[in-house]
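Chemist: Dumping the structure here so I can ask a few things about it.
The values are calculated or read from the model by the stated rules, or taken from the named source; none is laboratory data. Since this is a predicted model, take the numbers as computed values, not measurements. Cβ sites come from the backbone with ideal geometry, for glycine too, and all protein chains shown count toward neighbours.
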Amino acid sequence: MGRIDGKICLITGASSGLGEAAARLLAAEGGHMILTDINTEKGEALAEELNQQGLEAVFLSHNVISEEDWHRVFDTLLAKHGRLDVLVNNAGGGTYNDLETLSLSEWRKIISLNLDSTFIGTQLAVKTMKENGGGSIINMSSVGGLVGSPNLVAYSAAKAGVKLFSKSAAIHCGQQGYNIRINTIHPGLIKTESGMEMASKATGMSAEDAEAAFSAMHPIGRIGQPGEIAAMVLFLASDESSFATGGEFVIDGGYTAQ
């Protein structure tokens, strides 16, 4: 307990899935949480639940493709806390399309949701953190940013972009002496609502059958749990990872080791 006591933490896409799991764990470990999402109802309910547990959390409605929304979120958190210690760029998503059926408008939407949002958030966080002694930025990529997938062409391109953007930003911050660490997390298939929906669409199977099919693709013999990704978020948010920057942390049950 208390691994990030007093750290001011902003998590996007925090209303469900990996963002929710990370929010719960970071709050339990002493983080002062700013949770954002487009799903206002679920986000407000999560913040209220955490506060009722004696933890600290506020929710802000936030569309991560909107630069105006990003500035509003940062203005609000700085007015309340005066600094930011941890940013988790978690919001993202994609659709199943191959190269020939993907429209340009859908391509741009997926790139914006995953890559543009990461750029905007990281840029604002760096400008803030460098004035307050540093911090940790955690950008959620995917195994889709490491290996290709014929039906995730835009998503894979975006998540690969997140990986190399983060490395470049990490080098910049290191060379400038900002004490800001920037790393990426690359989950495999995780048992979340969106993850299982993706698996079902990919296989044309029920969620249960799709889970079994994907489990067989992972050398460890199963798909992942949200808490396993949240544990890596906590490590990177904490001072325990003080020598880690520009890294890519793969949590995929061995999927990309094959």
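Chemist: Only one of Ile111, Ile11 is farther than 26 Å from Tyr178 by Cβ, in contact (Cβ under 8 Å) with a residue 40 or more places away in the chain and surrounded by 15 or more Cβ atoms within 10 Å (Cβ to Cβ). Can you tell me which?
Modeler: Ile111
Chemist: What single numbered condition from (1) buried (at least 21 other Cβ atoms within 10 Å of the Cβ); (2) of a type outside the set (Phe, Trp, Tyr); (3) not in a loop (DSSP other than H, G, I, E, B) fails to hold for Gly94?
Modeler: (3)
Chemist: Hey, can you tell me all the residues within segment 217-234 that are surrounded by fewer than 18 Cβ atoms within 10 Å (Cβ to Cβ) and of a type outside the set (S, T, N, Q)?
Modeler: Met217, Pro219, Ile220, Gly221, Arg222, Gly227, Glu228, Ala231 - these are the residues of segment 217-234 that are surrounded by fewer than 18 Cβ atoms within 10 Å (Cβ to Cβ) and of a type outside the set (S, T, N, Q).
Chemist: What are the residues in segment 12-36 that are touching an Asp or Glu at 6+ places or on another chain (Cβ under 9 Å) and part of a strand (DSSP E or B), if any?
Modeler: Those that are touching an Asp or Glu at 6+ places or on another chain (Cβ under 9 Å) and part of a strand (DSSP E or B): Thr12, His32, Met33, Leu35, Thr36.
Chemist: Hey, among Ala170, Ala237, Ala257, which residue is of a type in the set (A, V, I, L, M, F, W, C), surrounded by 22 or more Cβ atoms within 10 Å (Cβ to Cβ) and out of contact with any helix residue (DSSP H, G or I) (no Cβ under 8 Å at 6 or more places or on another chain)?
Modeler: On inspection, the qualifying residue turns out to be Ala170.
Chemist: Does Ser206 count as under 22 Å from Ile138 (Cα atoms), over 17 Å from the mean Cα position of the chain (by Cα) and surrounded by fewer than 16 Cβ atoms within 10 Å (Cβ to Cβ)?
Modeler: no
Chemist: From Asp5, Asp69, which residue is in a loop (DSSP other than H, G, I, E, B), charged (D, E, K, R), at pLDDT 95 or above and surrounded by fewer than 22 Cβ atoms within 10 Å (Cβ to Cβ)?
Modeler: Exactly one residue qualifies, and that residue is Asp5.
Chemist: Among (1) outside any strand (DSSP E or B); (2) under 19 Å from the mean Cα position of the chain (by Cα); (3) of a type in the set (A, V, I, L, M, F, W, C); (4) under 20 Å from Glu193 (Cβ atoms), there is one condition Ala45 misses while meeting the rest; what is its number?
Modeler: If we test Ala45 against (1) outside any strand (DSSP E or B); (2) under 19 Å from the mean Cα position of the chain (by Cα); (3) of a type in the set (A, V, I, L, M, F, W, C); (4) under 20 Å from Glu193 (Cβ atoms), just (2) comes out false.
Chemist: While we're looking at this one, here's another question. Residues Phe243, Phe214, Phe249: which one is buried (at least 16 other Cβ atoms within 10 Å of the Cβ) and either more than 25 Å from Leu124 (Cα to Cα) or free of Cβ contacts under 8 Å to residues at least 12 places away in the same chain (or both)?
Modeler: The conditions single out Phe214.
Chemist: Can you name the residue in segment 66-83 that is in contact (Cβ under 8 Å) with a residue 60 or more places away in the chain and not charged (D, E, K, R) and is also nearest to Ile110 (Cα to Cα) among such residues?
Modeler: That would be Val73.
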